[in-house]
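The values are calculated or read from the model by the stated rules, or taken from the named source; none is laboratory data. All of these numbers come straight from a predicted model, not from anything done at the bench. Neighbour counts run over all protein chains shown; Cβ positions are idealised from the backbone, glycine included. These accessible areas exclude ligands, DNA and RNA; they are computed on the full protein's heavy atoms, side chains included. Shrake-Rupley method; radii C 1.70, N 1.55, O 1.52, S 1.80 Å.
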Amino acid sequence: DTEVTQTPKHLVMGMTNKKSLKCEQHMGHRAMYWYKQKAKKPPELMFVYSYEKLSINESVPSRFSPECPNSSLLNLHLHALQPEDSALYLCASSPGDRGLPVPSEGYTFGSGTRLTVV
Amino acid sequence: QQQVKQSPQSLIVQKGGISIINCAYENTAFDYFPWYQQFPGKGPALLIAIRPDVSEKKEGRFTISFNKSAKQFSLHIMDSQPGDSATYFCAASVTRSSGSARQLTFGSGTQLTVLP
């Protein structure tokens, strides 16, 4: 299994709703990431989990809350979002280079969740 | 400086032609340079990647050329096909001292259109 699976594929939510995005991988990867991508722009890093611990938070507003229940799962909890938060949310995973002499090349993205905030 | 600069913003090539996309970086600590291909509504997919100790890497119709002294690298797509029409992103990353997670810095992207 060489995939990163994201659910749902599409999500429409109101500004007062609470929803969650889910990401799953079974490649044994130990680093998982959330990216946000606006149309015609590159992905922007939001959060990094390394060995199930949050290692990077790129100054993301608190209305986005990540969670890593185990090494295969990554969630992004959404609450009180704004219309400008509408974007493609991408999950990615990589092996985690700890102990390796050279960088690994298994950085894999999911297909994303298209989020629309109304 | 973490920025990766990519050009051109858009590229139109005839079927069978060569597509060339260029990237430049500032941070000499970068040690991994992947290229990603993204179709509309899909996540980026790793196309090919290179490390700074290699000047060229070829996989099928796709070649990366890497110039360490100039801090530049480029993607060449030979015999371009309409199915290659997509957005291409170069990226770079540096292994953190903890050697665990890898943070990618993306270029701004190139919209490639291959005409039939």
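For region B:13-31, a residue qualifies if it is under 11 Å from the mean Cα position of the chain (by Cα) and buried (at least 21 other Cβ atoms within 10 Å of the Cβ), and the qualifying residues are B:Ile21, B:Cys23.
Only a single item in (1) open to solvent by 50 Å² or more (accessible area, probe 1.4 Å); (2) under 23 Å from A:Arg114 (Cα atoms); (3) more than 9 Å from chain A (Cβ to nearest Cβ) is not met by B:Gln111, and it is number (3).
Within the set B:Pro52, B:Pro34, the sole residue that is surrounded by 15 or more Cβ atoms within 10 Å (Cβ to Cβ) and free of Cβ contacts under 8 Å to residues at least 40 places away in the same chain turns out to be B:Pro52. Taken over region A:1-25, residues that are away from chain B (no Cβ under 14 Å) and surrounded by fewer than 14 Cβ atoms within 10 Å (Cβ to Cβ) amount to 6. Residue-level check: of (1) open to solvent by less than 10 Å² (accessible area, probe 1.4 Å); (2) within 30 Å of A:Cys23 (Cα to Cα); (3) away from chain A (no Cβ under 14 Å), B:Ile77 misses just (2). When B:Phe73 is tested against the conditions (1) farther than 27 Å from A:Glu3 by Cα; (2) in contact with a Lys or Arg (Cβ under 9 Å, 6 or more places away or on another chain), the lone failure is (2). In region A:55-70, the count of residues that are surrounded by 15 or more Cβ atoms within 10 Å (Cβ to Cβ), within 12 Å of chain B (Cβ to nearest Cβ) and closer than 18 Å to A:Val12 by Cα is zero.
Taking the stated definitions as given, is B:Phe39 among the aromatic types (Phe, Trp, Tyr), within 12 Å of chain A (Cβ to nearest Cβ) and open to solvent by 40 Å² or more (accessible area, probe 1.4 Å)? Yes, satisfied. Note on region A:58-91: residues that are part of a strand (DSSP E or B), at pLDDT below 95 and within 24 Å of B:Gln38 (Cα to Cα) amount to 0.
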